[in-house]
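K.L.:
The structure that follows is given in the form of structure tokens.
The values are calculated or read from the model by the stated rules, or taken from the named source; none is laboratory data. Owing to the predicted nature of the structure, the values given are computational and were not obtained by experimental measurement. Cβ atoms come from the backbone with ideal geometry, glycine included; neighbour counts cover every protein chain shown.
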Protein chains: 2
Amino acid sequence: MEQIERTMKSEKVFDGKILSLRVDTVELPDKKYSKREVVEHDPAVAVVAADEDNNILLVKQYRKPVEKSLLEIPAGSLEIGENPKEGALRELKEETGYIAKDLEYITEFYSTPGFCTEKMYIFFADEIEESSQDLDEDEFIECIKVPLDKAVKMIEVGEIMDAKTIVGILMYKRLRGDK
Amino acid sequence: MEQIERTMKSEKVFDGKILSLRVDTVELPDKKYSKREVVEHDPAVAVVAADEDNNILLVKQYRKPVEKSLLEIPAGSLEIGENPKEGALRELKEETGYIAKDLEYITEFYSTPGFCTEKMYIFFADEIEESSQDLDEDEFIECIKVPLDKAVKMIEVGEIMDAKTIVGILMYKRLRGDK
């Protein structure tokens, strides 16, 4: 039986630049009420892009919420009217300066479905060509290349700590590790 | 060079039951100011628990933010004063009714470091024993067992869509797939 939680009341608490927040009053399966705090975030895309030698493109940027610089695959939120593939091509170009001939859709998942709406789409690109970065005004991003097997090792020893990057690289290793 | 973002001002916008929200004004490397919306969430733990036949314990629960029931590994936020291993043992017992003889720490990562502080710790348990569930008042959770290779397939076809569950199961497959 599908245990849905019916919304009895919904209160918008904050409406920001990259996210908003609402508190829903829901009816539980036992008919009691409870509150659900829900962060609303646009869908996002991320790209595992590899060159002909199976080096993966990673971007390093400071992440204020965790107060450190992290290594991540290129990613970002979809813009209005953009489909996931268009968004993925755009973010790859903006953050790494590389253009992909084509992108393959691999999977989609929820980043933190307990409290946030964000859905993340993962794409692979393995024919890429260098062009130029095109960063947002408040982005300071360095792009590096890491061999696939080294990237997997960096996940295992905790040097890569971003969830979408871990998912993307482990799936790339499973599906393209032997190319 | 480490590109830190210095906090010039920090405003608490919301203080809730499972998360809070603040807006920081930060100084960028070029000395300009920008705003960062930061969701504060307690550290959390998740457990890949397998029985002697390598069946993985999954829990199914309705997730209000995405308006659907998802299959996930047992997980939850740390309580005050609790270390990650204690929290993982507690959540495993509460959500699945299984007790682990021991837990092995595998890794930790940030769920969505672009806007949220949450750090997730992943543990493996492969000696488990059935006891009884002990759910929170507003939790309605069903526990099922899925063979490891089927769980991996469910990730690949999009039937498992929760990020921490994908990370946990893919790492389990890599590290324990052949036990």
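K.L.:
What do you reckon, is B:GLU159 modelled with pLDDT of 95 or more and closer than 29 Å to A:ASP30 by Cβ?
P.N.:
Yes; evaluated as a whole, the condition is true for this residue.
K.L.:
Kindly indicate the residue of region A:126-155 that is at pLDDT 95 or above and at the interface with another protein chain (Cβ under 9 Å from one of its Cβ atoms) and also nearest to the chain's Cα centre (by Cα) among those meeting that condition.
P.N.:
My answer is A:ILE155.
K.L.:
On to the next question. Please count how many residues of region A:75-89 are buried (at least 18 other Cβ atoms within 10 Å of the Cβ) and not small (Gly, Ala, Ser).
P.N.:
3
K.L.:
Just name the residue that is farthest from B:MET120 (Cα to Cα) out of those in region A:67-101 that are part of a loop (DSSP other than H, G, I, E, B) and β-branched (Val, Ile, Thr).
P.N.:
Top of the filtered list is A:ILE80.
K.L.:
Tally up the residues in region B:124-141 that are within 30 Å of A:VAL26 (Cβ to Cβ) and either among the β-branched types (Val, Ile, Thr) or surrounded by 11 or more Cβ atoms within 10 Å (Cβ to Cβ) (or both), please.
P.N.:
Final tally of qualifying residues: 9.
K.L.:
Please state which one of A:GLU27, A:GLU72 is more than 7 Å from chain B (Cβ to nearest Cβ) and surrounded by fewer than 19 Cβ atoms within 10 Å (Cβ to Cβ).
P.N.:
It is A:GLU27.
K.L.:
Buried (at least 19 other Cβ atoms within 10 Å of the Cβ) and either modelled with pLDDT of 95 or more or charged (D, E, K, R) (or both): is that true of A:ILE56 in this structure?
P.N.:
Details: buried (at least 19 other Cβ atoms within 10 Å of the Cβ): yes; either modelled with pLDDT of 95 or more or charged (D, E, K, R) (or both): yes.
Considered against the rule, which asks whether it is buried (at least 19 other Cβ atoms within 10 Å of the Cβ) and either modelled with pLDDT of 95 or more or charged (D, E, K, R) (or both), A:ILE56 comes out as yes.
K.L.:
Next question, about the same structure. When the residues of region B:112-125 are narrowed to those that are touching a strand residue (DSSP E or B) at 6+ places or on another chain (Cβ under 6 Å) and β-branched (Val, Ile, Thr), which ends up farthest from the other protein chains (Cβ to nearest Cβ)?
P.N.:
B:ILE122
K.L.:
Within the set of pairs 6 or more residues apart or between chains, which connect a residue that is without any contact (Cβ under 8 Å) to a residue 12 or more places away in the chain inside region A:159-171 to a residue that is part of a helix (DSSP H, G or I) with Cβ atoms less than 6 Å apart?
P.N.:
These pairs meet every condition: A:ILE166/A:ILE155; A:ILE166/B:VAL167.
K.L.:
Out of the residues in region A:1-22 meeting the condition of being part of a strand (DSSP E or B), under 24 Å from the mean Cα position of the chain (by Cα) and within 8 Å of chain B (Cβ to nearest Cβ), tell me which one is farthest from A:TYR110 (Cα to Cα).
P.N.:
The selected residue is A:PHE14.
K.L.:
Right, next: Can you name the residue in region B:1-29 that is of a type outside the set (Val, Ile, Thr) and in contact with a helix residue (DSSP H, G or I) (Cβ under 9 Å, 6 or more places away or on another chain) and is also farthest from A:SER20 (Cα to Cα) among such residues?
P.N.:
Here the answer is B:GLU5.
K.L.:
Of all residues in region B:32-66, how many are over 14 Å from the mean Cα position of the chain (by Cα), outside any strand (DSSP E or B) and either under 30 Å from B:LYS101 (Cα atoms) or more than 8 Å from chain A (Cβ to nearest Cβ) (or both)?
P.N.:
The number of residues fulfilling the criteria is 4.
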